[in-house]
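One structure below.
The values are calculated or read from the model by the stated rules, or taken from the named source; none is laboratory data. Owing to the predicted nature of the structure, the values given are computational and were not obtained by experimental measurement. Glycine gets a Cβ as well: all are built from the backbone with ideal geometry, and neighbour counts include every protein chain shown.
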Amino acid sequence: MIRVTKRVEFCAAHRYVNLAWSEARNRRAFGKAANLHGHNYVLEVTIRGEPSPETGMVMDLKALKEFIIRAVVDDLDHKNLNVDVPIFAKTIPTPENLVVFIWTRLARRLTGCQLYRVRLHVDDGSYVDYLGERGSHA
Amino acid sequence: MPRGPIRRASSGVPIVEVTQAFKFSAAHRMHNPRLSDAVNRRLYGRCNHPSGHGHTYRLAVTICGPIAPLSGRVEGGDDLPRLVQERILDRFDQENLDRLIRPKDGVTSTTEVLAAVLWRILDAALPVGMLHRLRLEETPNNFFELERDDPGAHAVPPRMRPRGGGVRKGSRA
């Protein structure tokens with residue numbers, strides 16, 4: 001099995017807010033992240049499969065990029081995540097919740113190979129990985 | 001290869017540029033309220049999206065001066081991290097830029113306008129003439145730079161720096 005990774009970027013605004021909490025409690029829990037602010041996210045999607053005997057490729061990288069853009073990036077790039085992505089009206093748009101959202105979107109539509117990992121970099125120093133439900137024992 | 005001279009202070013000491021980089025995260029929307037919605041959409045494209053979007057901005061601040069004989073360093077840069085923290089990061093990090101950019105700063109929160117605002121703040125906070133270049137990266141692929149149009153500025157000797165933390169009120173920008 002070969003793993004193939006495509007890296008794409010998107011820019012979005014968000015704020016951390018737990019709607020069940022008071023303004024003061026949100027402030028205490030999330031600090032300035034409770035303000036609307038933004039990030040340049042870097043998304044790495046890794047698929048796994050055998051290279052096709054005819055093309056030598058697990059998946060054409062250009063096709064993988066277009067797939068990622070259509071499946072998720074179009075709905076996240078230059079958007080306000082809390083406002084424009086229905087699930088994040090109530091779910092807090094942390095990187096942890098974002099990778100699960102991205103994984104679910106991608107896994108539903110991917111054919112011909114397996115989704116292996118979704119990695120989301122929030123900045124140079126931090127990223128979050130999701131390997132799906134099998135992740136813990138794979 | 002021609003071997004031209006490097007820049008030197010009048011004392012003959014080489015002039016060196018020193019750059020320190022910082023990061024902050026902020027939201028914004030590019031929208032000029034004096035233009036129609038349709039014109040704004042054409043002008044700013046996806047950056048005009050009504051509910052806003054955001055970036056991790058990277059700010060690189062360059063000071064420029066002669067190598068000081070005793071320290072072997074370009075002096076004056078020691079205060080820079082604290083000044084950037086207090087004057088810029090504490091104010092702009094994890095904030096909505098559209099609430100901080102005022103109409104007199106520019107029509108909307110383009111990175112050009114933001115870079116000019118940050119230049120004005122830093123130029124006022126640093127000793128006269130010390131700020132040499134400011135580079136603001138909206139993404140690794142798009143960046144905006146301002147540079148002092150004053151070739152003599154870097155020759156300001158260190159002893160001219162004001163006392164008391166090196167903070168000066170008032171700005172020429």
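What to note about this one:
- Candidate set from region B:132-143 (those that are of a type in the set (A, V, I, L, M, F, W, C) and at pLDDT 95 or above); member that is nearest to B:I15 (Cα to Cα): B:L134
- Filter result for A:F30 (away from chain B (no Cβ under 14 Å) and surrounded by 15 or more Cβ atoms within 10 Å (Cβ to Cβ)): no
- Only one of A:E66, A:E50, A:E44, A:E54 that is more than 10 Å from every other protein chain (Cβ to nearest Cβ), surrounded by fewer than 18 Cβ atoms within 10 Å (Cβ to Cβ) and in contact with a Lys or Arg (Cβ under 9 Å, 6 or more places away or on another chain): A:E44
- Residues in region A:96-125 that are within 14 Å of chain B (Cβ to nearest Cβ), in contact (Cβ under 8 Å) with a residue 24 or more places away in the chain and surrounded by fewer than 17 Cβ atoms within 10 Å (Cβ to Cβ): A:D123 only.
- Filtered residues of region A:1-27 (kept if more than 27 Å from B:L89 (Cα to Cα), more than 14 Å from chain B (Cβ to nearest Cβ) and not in a loop (DSSP other than H, G, I, E, B)): A:I2, A:R3, A:V4, A:T5, A:K6
- Matching residues in region B:81-113 - criterion: being within 11 Å of chain A (Cβ to nearest Cβ), buried (at least 20 other Cβ atoms within 10 Å of the Cβ) and assigned to a helix (DSSP H, G or I): B:F92, B:L97
- Among the numbered conditions (1) surrounded by 13 or more Cβ atoms within 10 Å (Cβ to Cβ); (2) at pLDDT below 90, the only one that B:D78 does not meet is (1).
- B:D93 among the acidic types (D, E) and closer than 27 Å to B:R8 by Cα: no
- Residues located in region B:42-59, provided they are more than 8 Å from every other protein chain (Cβ to nearest Cβ) and surrounded by 16 or more Cβ atoms within 10 Å (Cβ to Cβ): B:Y44, B:N48, B:Y57, B:R58, B:L59
- Taking region A:1-45 as the range and being basic (K, R) and in contact with a helix residue (DSSP H, G or I) (Cβ under 8 Å, 6 or more places away or on another chain) as the test, the residues that pass are A:K6, A:R15, A:R27.
- Within region A:74-87, the set of residues being surrounded by fewer than 21 Cβ atoms within 10 Å (Cβ to Cβ) and either under 14 Å from the mean Cα position of the chain (by Cα) or more than 9 Å from chain B (Cβ to nearest Cβ) (or both) comprises A:D74, A:D75, A:D77, A:V85, A:P86, A:I87.
- Region B:35-80, residues that are within 30 Å of B:S10 (Cβ to Cβ), touching a residue at least 24 places away in the same chain (Cβ under 8 Å), not aliphatic (A, V, I, L, M) and not in a loop (DSSP other than H, G, I, E, B): B:T62, B:C64, B:G65, B:P66, B:G77, B:D79
Yes/no per residue for (1) within 28 Å of B:R34 (Cβ to Cβ); (2) not aliphatic (A, V, I, L, M):
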position: B:L100; (1), (2): yes, no
position: B:K104; (1), (2): yes, yes
position: B:V107; (1), (2): yes, no
position: B:T110; (1), (2): yes, yes
position: B:V113; (1), (2): yes, no
position: B:A125; (1), (2): no, no
position: B:M130; (1), (2): no, no
position: B:R135; (1), (2): no, yes
position: B:T139; (1), (2): yes, yes
